[in-house]
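Shown next, in structure tokens, is the structure this report addresses.
The values are calculated or read from the model by the stated rules, or taken from the named source; none is laboratory data. Given the structure is predicted, the values throughout are model-derived calculations rather than measurements. Here Cβ is always computed from backbone atoms with ideal geometry, including for glycine, and neighbour counts include all displayed protein chains.
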């Protein structure tokens, strides 16, 4: 009871203060008003009953409370929205019989679920309540929460950095518990999604296949290559993890992917294998990871996709093709054809030319000219242009191959100023001949 009396006293004191402010404001308005006003028309503020202003103060307090409630309904900040899904959901807010739509609706509540929101709309005409999400949970990447975790892992940041980023953007963010829930389920979800996408890609390759074996299994060409967690190009092959993939040559979509790890963080700290999910699955050399993964993909091609990989397009690494030949995944009589990738051929070509800069048997001036970036670019461009032209010739394949061989062998002579064997499509000839011939005589 004393607490109630104290509150009543505080309300009376507040009303008296508001009464004084009202009297002061009204007197100031009278001073500013027109001086010709009849004094009889002016109301005597002192004659106004205090109870009347007490009622007025109650109205003011009520209006203030109403404004406060309305401000709470106003959404602030930014949101992550699946724009097409959200606009389609808004357009669907049509109430039959009344002809009202979302233009007549207002947001009465918002339930924030990490980076997603569940908005509740109420129609001002018919009073119907509708609930709309800001994103589609059935999309390929799931919810915005899961997609944000995948994005954070892709660029190497965790929850603290993600929280700071979205706080600066004034976007409501997920809690640490929600982040960990999605983080722990990412591996299984990505694996299932990857398997589904590879299955779709295999069906597309089956439709595009031009050749089949005697059992009706399509024979296709694939592109295969590997990568490592530590760059070790031409030296220091000591990476602890590696990945390789097999891609359909026509669909340009992934058909197989594998990862090999020689290291487990928890195992090195004494954790038992049964206590955690261990990803260590390789105890051989790092250089053999690529060949091991690609051989697994070839071995599983029939059981997984009902496809035969008859042609392998890859780099000049002979170890992969040697392992495939020894494995013979499609039987000892089936020959897997190896096609070397043009990009890798050009890279090896330029590397060999660059190595000439270390050969002291040639004069330094000539080595510097051949091995500078501008000249090396011309060597590469000459081969690329010859391939493009010969590829579209309307000639037998053997003739096109022979013509391309001659063009590639002639390209160094062309670049160094000798155009006796240049074809008309390749150059007009006699360009800077005198200067270059003098340099390499």
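Residues considered: 159, 237, 179, 233. Of these, the only one that is on the phi < 0 side of the Ramachandran plot, at pLDDT below 90 and touching a helix residue (DSSP H, G or I) at 6+ places or on another chain (Cβ under 7 Å) is 237.
Residues are listed down the side, and each one gets a yes or a no for (1) within 30 Å of residue 292 (Cα to Cα); (2) assigned by TED's automatic domain parsing to the domain that holds residue 223; (3) modelled with pLDDT under 90:
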position	(1), (2), (3)
315	yes, yes, yes
334	yes, yes, no
361	no, no, yes
378	no, no, yes
402	no, no, no
414	no, no, yes
421	no, no, yes
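Considering only residues that are more than 19 Å from residue 118 (Cα to Cα) and in a loop (DSSP other than H, G, I, E, B), which ones fall in the stretch 87-107? Matches in the stretch 87-107: 96, 97, 98, 99.
Working carefully through the options 185, 127, find the one that is farther than 30 Å from residue 250 by Cβ and either touching a strand residue (DSSP E or B) at 6+ places or on another chain (Cβ under 7 Å) or in the same structural domain as residue 87 (by TED's automatic domain parsing) (or both). Walk me through how you get there before you give the answer.
Working: 185 fails: either touching a strand residue (DSSP E or B) at 6+ places or on another chain (Cβ under 7 Å) or in the same structural domain as residue 87 (by TED's automatic domain parsing) (or both).
None of the others qualify; the one that does is 127.
Looking across the stretch 229-265, just one residue is surrounded by 16 or more Cβ atoms within 10 Å (Cβ to Cβ), out of contact with any strand residue (DSSP E or B) (no Cβ under 8 Å at 6 or more places or on another chain) and touching a residue at least 24 places away in the same chain (Cβ under 8 Å), and that is 251. For the stretch 107-114, the condition of being free of Cβ contacts under 8 Å to residues at least 12 places away in the same chain and within 18 Å of residue 80 (Cβ to Cβ) holds for at least one residue.
Within the stretch 307-329, the presence of a residue that is surrounded by fewer than 16 Cβ atoms within 10 Å (Cβ to Cβ) and within 29 Å of the chain's Cα centre (by Cα) is excluded.
Which members of the stretch 352-369 meet the condition of being surrounded by 11 or more Cβ atoms within 10 Å (Cβ to Cβ), assigned to a helix (DSSP H, G or I) and free of Cβ contacts under 8 Å to residues at least 40 places away in the same chain? Within the stretch 352-369, 353, 354, 356, 357, 367, 368 meet the criteria. Scanning the stretch 330-346 for residues that are in contact with a helix residue (DSSP H, G or I) (Cβ under 9 Å, 6 or more places away or on another chain) and part of a helix (DSSP H, G or I), we see that the one that is surrounded by the fewest Cβ atoms within 10 Å (Cβ to Cβ) is 342.
Looking only at the stretch 293-302, decide whether some residue is in a loop (DSSP other than H, G, I, E, B) and either outside the structural domain of residue 227 (by TED's automatic domain parsing) or touching a strand residue (DSSP E or B) at 6+ places or on another chain (Cβ under 9 Å) (or both).
yes
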